[in-house]
1. Starting from the eigenvalues of the Cα gyration tensor, five times each then square-rooted, give me the equivalent ellipsoid semi-axes of the chain, largest first, whole Å.
2. Where nothing but the Cβ of Lys and Arg (+1) and of Asp and Glu (-1) is charged, how large is the charge dipole of the chain around its Cα centre, in debye to the nearest 20?
3. Just round it to a whole percent: the fraction of Cα-Cα distances in region 113-192 exceeding 20 Å.
4. For each pair in LYS29/LYS164; LYS190/LYS218; LYS199/LYS226; LYS165/LYS217; LYS139/LYS164, compute the distance between the two Cα atoms and list the pairs where it is over 30 Å.
5. Could you list which residues have their amide H under 5 Å from that of VAL144, counting only those 5 or more apart in sequence or on another chain, with H placed in the peptide plane?
6. Note the angle between two axes, namely the Cα long axis of helix 221-236 and the longest principal axis of the Cα atoms of the chain, as a number of degrees from 0 to 90, rounded to the nearest 10.
7. Under the classification rounded if a/c is under 1.5, otherwise prolate if a/b is larger than b/c and oblate if not, where does region 27-112 fall, given a ≥ b ≥ c as square roots of the Cα gyration tensor eigenvalues?
8. For the chain, what proportion of DSSP beta bridges, expressed in % and rounded to the nearest 5, is antiparallel?
Amino acid sequence: MKKLGKLMAAMLVIALTAGCLTACGSSSKSIVFGTNAEFPPFEFVSANGVIGEYDGIDMAIAKEIAEKNGMTAEISNMEFDSLLVALQNGQVDAVIAGMTVTDERAESVDFSTSYYVATQVIIVKEDSDIASADDLSDKLVAVVQGYTGETAVNELGLNYESFKKGTECVLELVNGKCDAVVIDSATATKYVSDNAGLKIVEDEAVFGSEEYAIAVKKGNTELLNKINKAIEEMLANGTIAELGDKYSTAE
Ligand code: ARG
């Protein structure tokens, strides 16, 4: 009787522990990444994404960072402008969104080792004679609100209109409502391949290079170290370069 009681008590402890490992453990075992899935080839919505309905270079990187740490990656999709606030509020653990490291952003969040180098480019109609950023001075440019492209055209003193999404900017251009779109290089390449009659104009002298990195809440060194270690491995073993090739040539 006594023995059986002890055995049952032991079994109960085991059962409770196991239950907690599966139920209680699930939240601490995942990294919630905030993104804005409107930025191919880095993040976009797709039927069979690498993380649920989310696909792209960043999504594959997020998944691998989590897996390397024995965790799972969860995606929280929101407007680009809300990402850093969500990070500061603790709604998300990290932001991965093709986000360029800037001094201003680095005042409110901590950035990981950078994993991609990009630049702003100009998208114009194929028959346009715009050949440099200088040629934009008497033109109307479309940019996305909150992107570094908006900051760039603002600093150049250009005439511009801001939209919520890159696809809206491209539609403006296709419909002849603006003369050019200024946006990140890889995303521009994707838009030009998806829409007939457009071309890319580069101006390296005016648009400098930008580095993409993952942001964490200021002072979250525990997560930052995990992210940095994973990124450094993926840079060293060619994973990130492979993902870049895979998603840039897709379709
Ligand atoms: N690199 C640009 C920036 O940091 C654009 C990033 C847009 N990313 C996105 N997931 N919508 O402002």
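Read-outs: derived from the displayed coordinates by stated rules, not from any lab. What you are looking at is a predicted structure, and each value in this text was computed from that prediction instead of being measured. Note: ideal-geometry Cβ built from the backbone for every residue, glycine included; neighbour counts use all protein chains shown.
1. On the way: eigenvalues 387, 61, 50 Å².
Its equivalent ellipsoid spans semi-axes of 44, 18, 16 Å.
2. Here the chain has a charge dipole of around 2200 debye.
3. Percentage above 20 Å: 23.
4. Numbers: LYS29/LYS164 33 Å; LYS190/LYS218 33 Å; LYS199/LYS226 40 Å; LYS165/LYS217 25 Å; LYS139/LYS164 20 Å.
In this structure, LYS29/LYS164; LYS190/LYS218; LYS199/LYS226 exceed 30 Å between Cα atoms.
5. GLU150, PHE163
6. 60 degrees
7. Values: a/c = 1.72, a/b = 1.25, b/c = 1.37.
Because a/c hits 1.5 or more and a/b fails to exceed b/c, region 27-112 counts as oblate.
8. Here the share of antiparallel DSSP bridges comes out near 60 percent.
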